[in-house]
Amino acid sequence: MMLQKCNSRFSWRLAAPSCVWPETALVNCRRLARNVPEVGLYLLELHSCLAYGPGDLPQKTYGLTYHLHLPLDLPWRLGGDTVYAVMEGLLDMTAHLNPWAFVLHPPADAGALADFVRAFAAGGRDPATLLLENTDTASPADNLALARELGCGLCLDLGHMLAMGHKLPTDDPGLIAKTAMLHVYSPFGSEGPPKDRTHLHRTLTCLSPEGRDLLAWMLGNLTPRTLVLEIFAPIHLVESLACIEAISDAVTPPVAGNAA
């Protein structure tokens, strides 16, 4: 599996999640280092990840660039300051990897998020490296407004947009400046979205024509630093790379100055 040769006309760097194989993050990162230049370290369960030992997380970079996906089960009901305090251990555990970004599913409570961002900044971290990801309940437009207010960046998740029918605010120039990362996968197969709008992480070969068009627009208009193939099986990761290459071959890269 060789994934590094992505379309060099584009500014983004290809990345994969740290859970492609049913092994530890350490094993995944060591394997992926032969294939991609960046790995997203997926720390999705707070207490389980805080209990990691030396054999669970990579203790050296393996030549990789890293970013973190922060836990999905953060205790937002306790307030943003508390959330940061209980999560700071994860940041300390991974500091030796020098992650350049921190992907966060924002809470419904905007006040708790604002308190978290203030604590994040007080801890010596740039809020611009905190990337708000659109989810089932937070649309790209919602997150763009929050990112402007709080000084954060954006992680645009193609699968969530397609699954939930959320629109991308393509006419807002702030979208280009704020988008630092893309998460790319198909949320369902040719059967289309299920009635309850839930979704899976499917290979890009399952993308609908609407999904391919949206991905092509994103590749042709946005200048993210990283594109994550958010696929959790090796063969589907390879299939998805072929789709990315085919779509990007047909797209004119955005002008670098558009990112200003």
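Taking His236 and the conditions (1) surrounded by fewer than 20 Cβ atoms within 10 Å (Cβ to Cβ); (2) of a type outside the set (A, V, I, L, M, F, W, C); (3) modelled with pLDDT of 90 or more, which numbered condition does it fall short on, given that it satisfies the others?
Of everything listed in (1) surrounded by fewer than 20 Cβ atoms within 10 Å (Cβ to Cβ); (2) of a type outside the set (A, V, I, L, M, F, W, C); (3) modelled with pLDDT of 90 or more, His236 misses just condition (1).
Quick one: count up the residues across the stretch 84-103 that are open to solvent by 10 Å² or more (accessible area, probe 1.4 Å), free of Cβ contacts under 8 Å to residues at least 40 places away in the same chain and hydrophobic (A, V, I, L, M, F, W, C).
Number satisfying all stated conditions: 3.
Residue-wise test of (1) open to solvent by 20 Å² or more (accessible area, probe 1.4 Å); (2) at pLDDT 95 or above; (3) aliphatic (A, V, I, L, M).
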residue: Asn28; (1), (2), (3): no, yes, no
residue: His47; (1), (2), (3): yes, yes, no
residue: Leu64; (1), (2), (3): no, yes, yes
residue: Leu78; (1), (2), (3): yes, yes, yes
residue: Thr82; (1), (2), (3): yes, yes, no
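Just checking, how many residues over the stretch 36-57 are farther than 28 Å from Trp12 by Cβ and not in a loop (DSSP other than H, G, I, E, B)?
So the count comes out to 4.
The values are calculated or read from the model by the stated rules, or taken from the named source; none is laboratory data. Note that the structure is predicted; figures quoted are calculated from it, not measured. Cβ: placed from backbone, ideal geometry, glycine included. Neighbour counts: every protein chain shown. Note: areas computed on protein heavy atoms with side chains; ligands, DNA, RNA excluded. Shrake-Rupley method; radii C 1.70, N 1.55, O 1.52, S 1.80 Å.
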